[in-house]
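Note sheet for the following structure.
The values are calculated or read from the model by the stated rules, or taken from the named source; none is laboratory data. Computed from a predicted model, the values in this text were never measured in an experiment. Because the Cβ atoms are built from the backbone with ideal geometry, glycine has one as well, and the counts that use them run over all protein chains shown.
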Amino acid sequence: MSFFARLNDEIEKWHNEKAYRPLTVISSAQSSRVSIGGREVVQLSSNNYLGLTSHPRLKKAAAVATAKWGVGTGSVRTIAGNLALHKAYEQRLAAFKETEAALTFQSGFTANLAVLTSLLTKDDAVFSDELNHASIIDGIRLTKAKRYIYKHSDMKALEEALADSTESDGRLIVTDGVFSMDGDIALLPEIVKLAKKYKATVMVDDAHASGVLGRNGRGSVDYFSLHGQVPIQVGTLSKAIGVVGGYVAGPKVLIDYLSQRARPFLFSTSQPPGVIAACDAALDVLLQEPQLIDQLWKNTNFFKSGLKNLGFNIGPGQTPITPIMLEEDSLAMQFSDLLLGAGVYAQGIYFPTVPKGRARIRTIVTALHSKEDLAFCLHVFERTGQALGII
Ligand code: PMP
């Protein structure tokens, strides 16, 4: 069978199983309300936590930098694409994260690949929470390290795995700071304790914690006051920061090594000037407009308690990510379609993004949502939940 015939067969199967999802087209700027299919709907599916995708200070910074420096860098960092902008931003980011150094990447995905493939050799062991992000899973797959995938946030399972790994040279525990599909926070203090006991190093992926948790959005390490005890912090510039890219913040020796050997850094063109300038302006916003983070949390608490009071199963998560657990893929799709028809865009999430039988609607409120927006959403969720016999 030809490659394309095989792909076609699979796509047809997804259509038959109603598991094929056409990409939703948004024809407006990303905000608390967006235009889909010619209608304005409330956006509950973006990672635009603080509304920075369209913040005037970021837009202006991107425009000014683009006018001065152009739209692209023309090269990878290690050859001719290392602009003064990158270096200055990384120094500022390291100071913000309170680490020795930082390095930016084209995405959070490539930042995870960079760290894992640079650190782990066949003589090492890696301990990864079963719900870690796909980029951590893929990064580990690219290495020859011994893999221990422990049950989600199960510290007993983690300790058993650590105790089993005595033959390994280096041990790396890697965890999402905030789990992306459930919104729960990693048990970092317990992980750090185990890491000390078993002489392991901790790496946290703060994609959903940067700009959300900790002082001025410094992330999960700051939230738990664990500075100096989680040596590797990966993050994204694509969610709360509102732009695109990823970073690694940590010891100078790690950053130095990554700049010499990390394949995504060596072999993929550096971030454009407008992107770096906008990320830099986002740091100003985090430091000077903390009311955005306060508003994000007010909205989170209002929306979460509203859903809970309606009787939905929203899981144990504490952060702005709130899943509405529906289990069956087809139910999640139907729920999501009905929501959209009623003016709320909240995407259904199912296999392969989450395990089979764990389908859900996954919502993320932002600082931009008004109380009226969220009250309207709760009303639509109530009607939809009742219509489908869920509540
Ligand atoms: N890690 C986690 C936990 C994520 O949720 C994401 C985004 N889906 C990433 C990494 C990748 O970040 P980016 O979108 O910047 O590639």
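Brief remarks follow.
- Qualifying residue in the stretch 225-243 (condition: within 16 Å of the ligand (Cβ to nearest atom) and surrounded by fewer than 19 Cβ atoms within 10 Å (Cβ to Cβ)): no
- Look at (1) surrounded by fewer than 24 Cβ atoms within 10 Å (Cβ to Cβ); (2) away from the ligand (no atom under 12 Å from the Cβ) and you find that Ser180 fails only one, number (2).
- Flag for Asp124 being surrounded by fewer than 20 Cβ atoms within 10 Å (Cβ to Cβ), more than 14 Å from the chain's Cα centre (by Cα), within 23 Å of Ala249 (Cβ to Cβ) and within 16 Å of the ligand (Cβ to nearest atom): no
- When restricted to residues that are outside any helix (DSSP H, G or I), in contact (Cβ under 8 Å) with a residue 24 or more places away in the chain and closer than 30 Å to His152 by Cβ, the stretch 290-319 contains 7.
- Spans of helices (runs of 4 or more DSSP H) in the stretch 1-100 with at least 2 residues loosely packed, with under 14 Cβ neighbours inside 10 Å, over 26 Å from the mean Cα position of the chain (by Cα) and without any contact (Cβ under 8 Å) to a residue 60 or more places away in the chain: 3-16
- Verdict on Leu287 being at pLDDT 95 or above, of a type outside the set (Ser, Thr, Tyr) and assigned to a helix (DSSP H, G or I): yes
- Looking across the stretch 166-218 at every residue that is out of contact with any Asp or Glu (no Cβ under 7 Å at 6 or more places or on another chain) and of a type in the set (Ser, Thr, Tyr), the one that is nearest to Leu296 (Cα to Cα) is identified as Ser210.
- Residues of the stretch 244-257 that turn out to be within 21 Å of Ile185 (Cα to Cα) and either aliphatic (A, V, I, L, M) or away from the ligand (no atom under 12 Å from the Cβ) (or both), as a count: 3
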